[in-house]
Amino acid sequence: MSRQDWLDEVRELVDAYCSRRAGWAQDSDRAVARVVDVTVLRAGRPGLVDVVAEAGGQLVHLTLGLRAPDDPVHGLGDGEDHVLGIVDDGSGPAVAFDALRDADTSALLLAHVAGSRAAPALVRQIRQDEQSVTLAMGDRFALTVYDVVSPLPRAEVDVLFALDDAGFNHLAAPLSRWRRGQWDLGVVQELLVGPSSGWALAESSVRDLYVSGGPPEMAGGDFGAEAHRLGTMAARLHLALERAYGRRRVSVETWATAVEQALAARRPQQAERPDVLALLTEMRGLRTAGDAIRTHGDLHLGRVCRTEQGWYVGDFAPGGWPPSAADPPAPPLVVDDDIPYRTPLADVADMLWSCGHVAAVAAAERDPDGTEGLEELAKAWEQRNRRSFLAGYLGVPGIGALVPTSREAVRMLESALELERASRLAVLGS
């Protein structure tokens, strides 16, 4: 078989793969895939062939498993048929399939990436989205493989390793980075045991309050102590990010102007409200500056998780860039040497906004018509946990060097940034 024939067969498999992925299906007149790179990771049967191809305007990444035609595929995940076709790699015909949907080839891929082995019987899928697939490899490792790649390093992977080097241990420790040429293809981390989503824990707490009534600190599912610990963890995150990437000095007026521009573009009526104008005017009158660091970028209750060992940041996907950074106007940030810097209070604002959001969502689910009058309970829950989070955050030694020393300046800046965070919903539609 010629090299070109082999590439043509691989391209057809990539086309089949893209047509099956949720959200990836293209119009019938789209251009066919163009194979950019094919690398044999493991020859023979079962074999592994790694492919990067241009399809649908993006670079897609697919690890193919190859089996003899009479050797069954041991499927993982959703139970769908993930066989993509028959190919001949020069060693005879083989059944080609998505290697991450087969326990045996997934275990072989872990061995290639990290030099570690996992029993195929213990491999299971724990997450999938349009960008990546994550597998639990036994009881020790989590393997994330990126389905969409870029010529640039993945920011979230950079941050993950930088934080680990800086001694931040509230994360699933990175063990191996799978990179070939210019592409980040995947990462191996330690497997967190029994994580509970921060959103789920907070939602359970506020639901308990809606049932029991009374002050939130007296409810059986009080979240106050956890919110305090979460604030402590967030401060430690920011101190580690400062150690890893340094800081930039930025005036409070810079943040005020950025918030003003964002509100004017997204919610012009809100931008003209007297209370908002007064807040921004007060901010500009502050005789202080605030340090800017590389931040998480979208730190909310859905990005963190709780284990028996404490709180962890479970998702570094923003990599310091807020999700709407590509949308004009960009959220308040300064870019220096291709690294985004924001005030750490932007992450704080994201988390405090999240407290109000979870209370509102839980109220709407329990009382969609608003007949039970849950607003007062929701506000009490939100205020208690906002105060607890801030107390935990501001109580960490060293954090005062990153945020204004005046509590009033902190309050103003956080309030303005929370308005900016809420205004993104008008753009993102969520």
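The values are calculated or read from the model by the stated rules, or taken from the named source; none is laboratory data. Everything numeric in this text was worked out from a predicted model, so none of it was measured. Heads up, the Cβs are rebuilt from the backbone with ideal geometry, glycines too, and the neighbour counts pull from every protein chain shown.
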Next on the checklist: Every residue in segment 233-272 that is more than 23 Å from Leu390 (Cβ to Cβ) and either in contact with a Phe, Trp or Tyr (Cβ under 6 Å, 6 or more places away or on another chain) or not assigned by TED's automatic domain parsing to the domain that holds Val313 (or both), please.
Outcome noted: Arg248
Item to check | Lone qualifier among Ser91, Ser28 - being of a type in the set (Ser, Thr, Tyr), more than 28 Å from Ser150 (Cβ to Cβ), assigned to a loop (DSSP other than H, G, I, E, B) and modelled with pLDDT under 90 | outcome: Ser91
Checklist outcome for this item: Checked Pro404, Pro340 against criteria (in a strand (DSSP E or B) and crowded, with 20+ Cβ neighbours inside 10 Å); the one match is Pro340
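Yes/no per residue for (1) surrounded by fewer than 15 Cβ atoms within 10 Å (Cβ to Cβ); (2) out of contact with any Pro (no Cβ under 8 Å at 6 or more places or on another chain); (3) not assigned by TED's automatic domain parsing to the domain that holds Leu152:
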site	(1), (2), (3)
Ala346	no, no, yes
Trp353	no, yes, yes
Ala359	no, yes, yes
Ala363	no, yes, yes
Pro368	yes, yes, yes
Checklist outcome for this item: Exactly one of Ala200, Ala219, Ala225, Ala256 is of a type outside the set (Ser, Thr, Tyr) and within 20 Å of the chain's Cα centre (by Cα), and that one is Ala200
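If you take the residues of segment 273-297 that are of a type in the set (Asp, Glu) and modelled with pLDDT under 95, which of them is surrounded by the fewest Cβ atoms within 10 Å (Cβ to Cβ)?
The initial filter retains those residues of segment 273-297 that are of a type in the set (Asp, Glu), namely 275, 282, 291.
Subsequent filtering for residues that are modelled with pLDDT under 95 retains 282, 291.
Working: Glu282: 16, Asp291: 18.
Once the filter is applied, the top-ranked residue is Glu282.
Out of Arg384, Arg424, I need the residue that is at pLDDT below 95, touching a helix residue (DSSP H, G or I) at 6+ places or on another chain (Cβ under 9 Å) and part of a helix (DSSP H, G or I). Which one? Can you show your working first?
On the way: Arg384 fails: at pLDDT below 95.
It is Arg424.
What about Val206, is it touching a Lys or Arg at 6+ places or on another chain (Cβ under 7 Å) and crowded, with 21+ Cβ neighbours inside 10 Å? Break it down stepwise before answering.
Details: touching a Lys or Arg at 6+ places or on another chain (Cβ under 7 Å): no; crowded, with 21+ Cβ neighbours inside 10 Å: yes.
The answer is no for Val206.
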Checklist entry - strands (runs of 3 or more DSSP E) wholly in segment 125-242 with at least 1 residues that are at pLDDT below 95 - which ones? => result 132-137
Item to check | Qualifying positions in segment 366-381 - farther than 16 Å from Pro216 by Cβ and either at pLDDT 95 or above or β-branched (Val, Ile, Thr) (or both) | outcome: Thr371
Checklist entry - Can you tell me which residue in segment 31-50 is modelled with the lowest pLDDT, limited to those that are in contact with a Lys or Arg (Cβ under 7 Å, 6 or more places away or on another chain) and crowded, with 18+ Cβ neighbours inside 10 Å? => result Ala33
Checklist outcome for this item: Filter segment 367-403 for residues that are of a type in the set (D, E, K, R) and in contact with a Leu (Cβ under 7 Å, 6 or more places away or on another chain); the one that is nearest to Met233 (Cα to Cα) is Arg386
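When the residues of segment 307-337 are filtered to those that are not in a loop (DSSP other than H, G, I, E, B) and not β-branched (Val, Ile, Thr), which remaining residue is farthest from Leu413 (Cα to Cα)? First the steps, then the outcome.
In the first step, residues of segment 307-337 are kept if they are not in a loop (DSSP other than H, G, I, E, B); the result is 307, 310-313, 334-336.
Next, from what is left, pick out any that are not β-branched (Val, Ile, Thr): 310-312, 336.
Working: Gly310: 29, Trp311: 26, Tyr312: 26, Asp336: 22 Å.
Checked segment 307-337; the qualifying residue farthest from Leu413 (Cα to Cα) is Gly310.
Just to check your reading of the model, which residue among Arg207, Arg154 is among the basic types (Lys, Arg) and in the same structural domain as Ala111 (by TED's automatic domain parsing)?
Values: Arg207 fails: in the same structural domain as Ala111 (by TED's automatic domain parsing).
That would be Arg154, the only listed residue that is among the basic types (Lys, Arg) and in the same structural domain as Ala111 (by TED's automatic domain parsing).
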Next on the checklist: Residue under question is Val334, and the condition is that it be farther than 28 Å from Gly194 by Cα and touching a residue at least 60 places away in the same chain (Cβ under 8 Å); does it hold?
Outcome noted: yes
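Yes/no matrix, rows are residues, columns are (1) touching a Gly at 6+ places or on another chain (Cβ under 9 Å); (2) assigned by TED's automatic domain parsing to the domain that holds Glu9; (3) within 19 Å of Leu13 (Cα to Cα):
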{"residue": "Gly65", "(1), (2), (3)": "yes, yes, yes"}
{"residue": "His82", "(1), (2), (3)": "yes, yes, yes"}
{"residue": "Gly90", "(1), (2), (3)": "no, yes, yes"}
{"residue": "Ala103", "(1), (2), (3)": "yes, yes, no"}
{"residue": "Gln131", "(1), (2), (3)": "no, yes, yes"}
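Return the only residue of Ala136, Ala94, Ala114 being surrounded by 22 or more Cβ atoms within 10 Å (Cβ to Cβ) and of a type in the set (Gly, Ala, Ser). Explain how you work it out, then say what you get.
Details: Ala136 fails: surrounded by 22 or more Cβ atoms within 10 Å (Cβ to Cβ); Ala114 fails: surrounded by 22 or more Cβ atoms within 10 Å (Cβ to Cβ).
Ala94 is the lone residue from the list that is surrounded by 22 or more Cβ atoms within 10 Å (Cβ to Cβ) and of a type in the set (Gly, Ala, Ser).
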Checklist entry - Scanning segment 259-275 for residues that are free of Cβ contacts under 8 Å to residues at least 24 places away in the same chain and outside any loop (DSSP other than H, G, I, E, B), which turns out farthest from the chain's Cα centre (by Cα)? => result Pro274
